[in-house]
There are 2 protein chains.
Amino acid sequence: MKVGSWKDVAGKAVTEAGADGVAIRVLMGDNVGATNFTLRHFEVAPGGHTPFHAHPWEHEVFVLSGKGRVKRKDGETDIGPGSFVFVPPDEEHAFANAGSGTFSFLCAIPATKACLR
Amino acid sequence: MKVGSWKDVAGKAVTEAGADGVAIRVLMGDNVGATNFTLRHFEVAPGGHTPFHAHPWEHEVFVLSGKGRVKRKDGETDIGPGSFVFVPPDEEHAFANAGSGTFSFLCAIPATKACLR
């Protein structure tokens, strides 16, 4: 068993093209021997956003704090603490900060995928 | 894409032997076509706890609110908002409320498993 706090994991700036003001922390993945899925923590600074992109695996997102917006090809939806978002494989998406404080969320992906790690 | 809030999902009492005061909400699983992993939301009432059990698949847990305690065969650890817990396959574990308010957490499991659903 591994117990920790997200605050004790060093954040890394996401440098993928199209990302701005995004920090990632891999909470449970290769570091704990997770073989099926990986749980990551994201912080998005005011004005920041993840890339608008698609990939052949899903996301399961849960919003922790702040005001956010999830964008898709045909529109966008406001999200906040307690919101969850399922992004199916191959659907274009981006997560943007829509407020003045930090927007943070969890995002799970299959363990063998390398999106924003 | 599916967007929702955990509060809009109806909670179900966990009736598995050894559980007390636990409500579960499946946020993303069969309901959204998730084929790899399932994200569930748990609320544990004061004095309540999940079963002390083991199973051949892992948990990835993230604490949202309240004061909790994760129990294992050889001890226990206090956890609170922002804590994460990786429970490897076959390790005995239970999550208990250690405070006077609701203890809530997210718990991801492989999608094909049926633990506390």
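What to note about this one:
- Filtering region B:47-59 to residues that are within 11 Å of chain A (Cβ to nearest Cβ) and in a strand (DSSP E or B) leaves only B:His59.
- Residue list for region B:43-76, filter: under 22 Å from A:Val26 (Cα atoms) and not small (Gly, Ala, Ser): B:Trp57, B:Glu58, B:His59, B:Glu60, B:Val61, B:Phe62, B:Val63, B:Leu64, B:Val70
- Of the residues screened, B:Phe62 is one that is open to solvent by less than 50 Å² (accessible area, probe 1.4 Å) and within 12 Å of chain A (Cβ to nearest Cβ).
- Of the residues making up region A:66-80, none is farther than 22 Å from B:Ser104 by Cα, under 13 Å from the mean Cα position of the chain (by Cα), modelled with pLDDT of 95 or more and not in a strand (DSSP E or B).
- Put simply, of B:Val70, B:Val3, B:Val44 the only residue that is crowded, with 20+ Cβ neighbours inside 10 Å, at the interface with chain A (Cβ under 9 Å from one of its Cβ atoms) and among the β-branched types (Val, Ile, Thr) is B:Val70.
- Applying the criterion of being more than 10 Å from chain A (Cβ to nearest Cβ) and more than 13 Å from the chain's Cα centre (by Cα) to the residues of region B:6-15, the residue that is most open to solvent (accessible area, probe 1.4 Å) is B:Thr15.
- Selection of first residues in region A:72-92 that are farther than 16 Å from B:Ser5 by Cα and of second residues that are at pLDDT 95 or above and small (Gly, Ala, Ser), restricted to Cβ pairs under 7 Å at least 6 apart or on distinct chains, gives the following pairs, ordered by first then second residue: A:Asp90/A:Ala54; A:Glu91/A:Ala54; A:Glu92/A:Ala54.
- A:Leu39 meets all of the listed conditions (1) touching a Leu at 6+ places or on another chain (Cβ under 6 Å); (2) more than 9 Å from chain B (Cβ to nearest Cβ) but one, namely (2).
- Test: residue in region A:41-58 that is in contact with a Phe, Trp or Tyr (Cβ under 6 Å, 6 or more places away or on another chain) and of a type in the set (Ser, Thr, Tyr): yes
- Residue within region A:57-75 that is among the aliphatic types (A, V, I, L, M) and touching a Pro at 6+ places or on another chain (Cβ under 6 Å) present: yes
- Here A:Gly99 passes the criteria (1) open to solvent by less than 30 Å² (accessible area, probe 1.4 Å); (2) in a loop (DSSP other than H, G, I, E, B); (3) touching a Ser or Thr at 6+ places or on another chain (Cβ under 9 Å) except the one numbered (3).
- Residues in region A:73-98 that are acidic (Asp, Glu), over 20 Å from B:Asp8 (Cβ atoms) and more than 9 Å from chain B (Cβ to nearest Cβ): A:Asp74, A:Asp90, A:Glu92.
- Across region B:19-34, the qualifying residues are those that are under 19 Å from B:Val61 (Cα atoms) and either in a loop (DSSP other than H, G, I, E, B) or hydroxyl-bearing (Ser, Thr, Tyr) (or both), and the one among them that is farthest from the other protein chains (Cβ to nearest Cβ) is B:Ala19.
- Test: residue in region B:22-36 that is surrounded by 22 or more Cβ atoms within 10 Å (Cβ to Cβ) and more than 20 Å from A:Gly82 (Cβ to Cβ): no
- Filtered residue count, region A:73-94, keeping only those that are open to solvent by 70 Å² or more (accessible area, probe 1.4 Å), in contact with a strand residue (DSSP E or B) (Cβ under 8 Å, 6 or more places away or on another chain) and on the phi > 0 side of the Ramachandran plot: 0
- Among the residues listed as A:Phe84, A:Phe42, A:Phe105, A:Phe62, the single one being in a strand (DSSP E or B) and more than 11 Å from the chain's Cα centre (by Cα): A:Phe84
The values are calculated or read from the model by the stated rules, or taken from the named source; none is laboratory data. Remember, predicted model here, so these are calculated numbers, not experimental data. Cβ: placed from backbone, ideal geometry, glycine included. Neighbour counts: every protein chain shown. The protein model used for the area step is the full one, side chains on, heavy atoms only, and it has no ligands, DNA or RNA in it. Shrake-Rupley method; radii C 1.70, N 1.55, O 1.52, S 1.80 Å.
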